[in-house]
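Each reported figure results from applying straightforward, stated rules to the coordinates on display, with no laboratory input. Treat the numbers as computed from the prediction; the structure is a model and nothing was measured. Don't worry about glycine lacking a Cβ; one is built from the backbone with ideal geometry, like all the others, and counts go over all protein chains shown.
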């Protein structure tokens, strides 16, 4: 290595570059970035996950160009199921224009060249971080969740070898004990997000850090729900119309959050609201976290107003 | 009165490499009976207890238990691991010498005692709590402590929590490893009285391992004396303690204070 | 009137442009070339190759330049590139006994066949800042001597011959002869030694250094001696299916460390020394030594030792050794979490309201 330049290994040739360029996506990479073998491996894991609802399937998570913890699991799942005709929506905290959602949507635009949308009703594939869209999903849609910690028992038992056994033997007593402890200490179950659920009456699952407000949406949802945890290397799934029940006690039943206010933009009283601090005197306003849902409501209210039907 | 014992042990032997922990132990235990196993430390009592309670797989021999639905079964050969674990949570109880081994220190006393109920499907908080408080009374624990964590309890209180945690599932067989070890003499006496009362009330059978002859005198119907891994004498407690036959038993008995 | 914040996409683009500007720095300052990084920041390149799991000095240098010197960021870049490369097979195990040795030391014997060869080392330098390096330097050529002919025998082989050192006759592999690959398959516990070594080889040098250090300070001490540390070039050979015999693909530089540790023997085995092994790309002694200490600590289970210390805890060590995973998750806290935070706010306010009600009711009752 004695010359002034350092030669790098050769990359793609002109023909693949041209083909990729024509499709409007980044040259030198396979469709949706992952190689076909990896996609096949992930699809096999997905099939297994769908066959055993709520069960965590280990998979060979790949190093991705986005950092672990930033959605690599969700991205790998999406990359494995997306096709050229799909319409992709990506949200983070319910919004399409948060930086993480923008970054991931751009990633798929560059590597797959698929159409993207902000409208839930138009999407065939929705990747989400920490929220389920307010607009009810339909059969044929796929919802991909980004999961940081897939193991619901992790906080009670740090060892993977032990939690695997607990799931295999359905030894979930500790989970119930944890809820008991909450009630004994706080008078209520103190979990506000990533609230544990029982899927298909068998496996206890971590729904990802969605607020408990969203838990009921998972129950018997017509869409396919897929969960990807890249760093922890686990995939799980809830097939359409599957029972998903939040854990509770008979005399302390599961309940969702409620606000006293309505959305300041669209007036919704039944959606999850973000709190915006407007001044340093404690002024606050509340807005729908789901930006598409809010915009849709505003659109139809505007249309109703024009037609004089409100 | 059934013909099958609750627990049948034959030829139980466990080796660590070439060292013999226990050799050729055999006995029958009947419902409601308490068997004491005594000997010095290193005599093999704890290993024996671990084999009996399915915590250790013995090198040779069998341990059979009279299950509720299948009768007498070999707990190692005829039961799967899930079935054994279920047994340990319901029909059996284990009171460890060190409460830290038998309790969840990060969970409240109430949570500890109620766990077995929740593990088998109890889902009504109020009912669970009521039953837990009931057991607090039975083991003479102050109801006010139900939400406190056991790491702030005295040794005697921790043992009471352990006992309640096990008995709440109405087990038919209880294993106790030095239940009063490390406790004050007066605390020991009260705990033994409690155990004796509870055993009589619940009709539970028990295997008690201890080096303290006072414990077996109070709790056990029958006694096995162990030395160097072997059972040297076996009989009714009073008979063995008042009229020991084997020289080692005589040595043991003569070394306790006669009161 | 509140207008929802938009323009996340433009903000990201602008951030990237600013980054590119800052990466270049002052345009009057000459731009770094990859050759400069490779030659003059060689240890950085070595580390990035080792933890990036990819032997290519040029790519590693590029990654370092792109990452502005942040080595973990560079490792991330290299790993992401590695994912896209096709695999055509596994090489033959490299034979470090046949290494073209440039540095070889042993702490267990005063002298060994082949001698103690110091090579290019910082070890005996006095750590005084050398201000001569501020300007251009032209170091005089180092003295040359006659190289010893033939391969340099390994110290550990001396001990093995006498039966004093355990050999690999009973490998820990679970029946399957192929080497596992943690970049393809998920790691499951308990993990066999081949996978453990893989994770350690890719693992963060700082993390392994701290764990190795902890064993020396009593957290799972295994009485290590540096049996041998060697640095030099080894051939990488591959057996193509069509040919059926090995073909040399090239040479790589590696640092290898063999630690020799004490063992007390058991009911079935007479006392023998045990080993810890470390291997890194390029010249990475600290990494290779720390890896060997942790490798030995993790063998506690198979050697029948009590697991008492963090360095011996397989799940703990292997789950947290990967710095790309670690930094991803630690830094992901920068992502918006306001929805979950909102959920917490709602809950805490409800609890406080309930507590206030209770206090007010109690106060009223007391007053009556």
Counting only other chains, what is the mean number of Cβ atoms within 10 angstrom of the Cβ of each residue in peptide A:154-166? 2
Mean separation of Cα contacts under 8 Å, 6 or more apart, over the residue count of segment A:161-266: relative contact order %: 23
Ellipsoid semi-axes in whole angstrom, largest first, where each is sqrt(5λ) of the Cα gyration tensor of segment C:221-368: 56, 27, 14
GNM on chain B, C-alpha springs below 10 Å: top fluctuator among B:102, B:121, B:229? B:121
Work out the mean other chain Cβ neighbour count within 10 Å for the residues of A:169-179 and drop it here as an integer. 6
Segment A:231-275-segment A:26-71 distance, computed between alpha-carbon centres (Å): 27
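Using the 10 angstrom Cβ neighbour count as an exposure proxy, how do A:110, C:193 rank, fewest first? Don't skip to the end; give the middle numbers.
Working: A:110 13, C:193 17.
Sorted ascending by nearby Cβ count, the order is A:110, C:193.
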By its C-alpha gyration tensor, with a ≥ b ≥ c as the square roots of the eigenvalues, how is chain C shaped: rounded for a/c under 1.5, else prolate for a/b larger than b/c, else oblate? oblate
Would you look at the GNM of chain A, springs on alpha carbons closer than 10 Å, and say which of A:209, A:150, A:58 moves the most? A:58
Contact order relative to length for chain C, counting C-alpha pairs under 8 Å separated by 6 or more residues, stands in percent at 16
Working out 0.36 nm times the residue gap between residue A:243 and residue A:36, then minus their Cα-Cα distance, what length gain in nm do you get to one decimal? 71.2 nm
If I take R0 = 30 Å and measure r between the Cβ atoms of residue B:245 and residue B:197 in this structure, what FRET efficiency does the formula 1/(1 + (r/R0)^6) give, to the nearest 0.05? 0.40
Please rank B:30, B:135, fewest neighbouring Cβ atoms within 10 Å first, as an exposure proxy. B:30, B:135
Hey, rough spin-label estimate for residue C:188 and residue B:77, points 7 angstrom out along Cα→Cβ, what's it come to in nanometres? 3.0
Return the distance in nm (one decimal) between the two label points of a simple spin-label model at residue A:270 and residue C:19, each offset 7 Å from Cα along Cα→Cβ. 4.2
GNM flexibility winner over chain C from C:290, C:210, C:20 (Cα, springs under 10 Å): C:20
In nm, spacing of pseudo-spin labels at residue B:30 and residue A:300 (7 Å Cα→C-beta vector): 7.7
Hey, can you rank C:326-336, A:232-242, A:64-74 by average C-beta count inside 10 Å, highest first? A:64-74, A:232-242, C:326-336
Quick one: order B:6, C:243, C:100 by neighbouring beta-carbon count within 10 Å, fewest to most. C:243, C:100, B:6
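So for chain B, averaging the separation of alpha carbon pairs under 8 Å that are six or more residues apart and normalising by length, what relative contact order in percent results?
That works out to 26 percent.
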Per the Cα gyration tensor, the protein assembly as shown corresponds to an equivalent ellipsoid with semi-axes, largest first in Å, of 55, 46, 24
Suppose the chain between residue C:162 and residue C:68 were pulled fully straight at 0.36 nm per residue; how much longer would it get relative to their current alpha carbon spacing? 28.7 nm
On the formula 1/(1 + (r/R0)^6), with r taken between the Cβ atoms of residue B:69 and residue A:162 and R0 of 45 Å, the FRET efficiency rounded to 0.05 is 0.95
Under the 0.36 nm per residue contour assumption, what length would be gained going from the current alpha-carbon distance of residue C:349 and residue C:238 to full extension? 33.4 nm
Once both axes come from the Cα atoms, what is the angle between helix C:193-202 and the longest principal axis of chain C, in degrees from 0 to 90, rounded to 10? 70
Compare the peptides C:50-61, A:215-226 by average per-residue count of other Cβ atoms within 10 angstrom and give them in order, highest first. C:50-61, A:215-226
Evaluated at 25 °C with a viscosity of 0.890 mPa s, what Stokes-Einstein diffusion coefficient in µm²/s does segment B:194-259 have when Rh comes from the Kirkwood expression over alpha-carbon pairs? 194
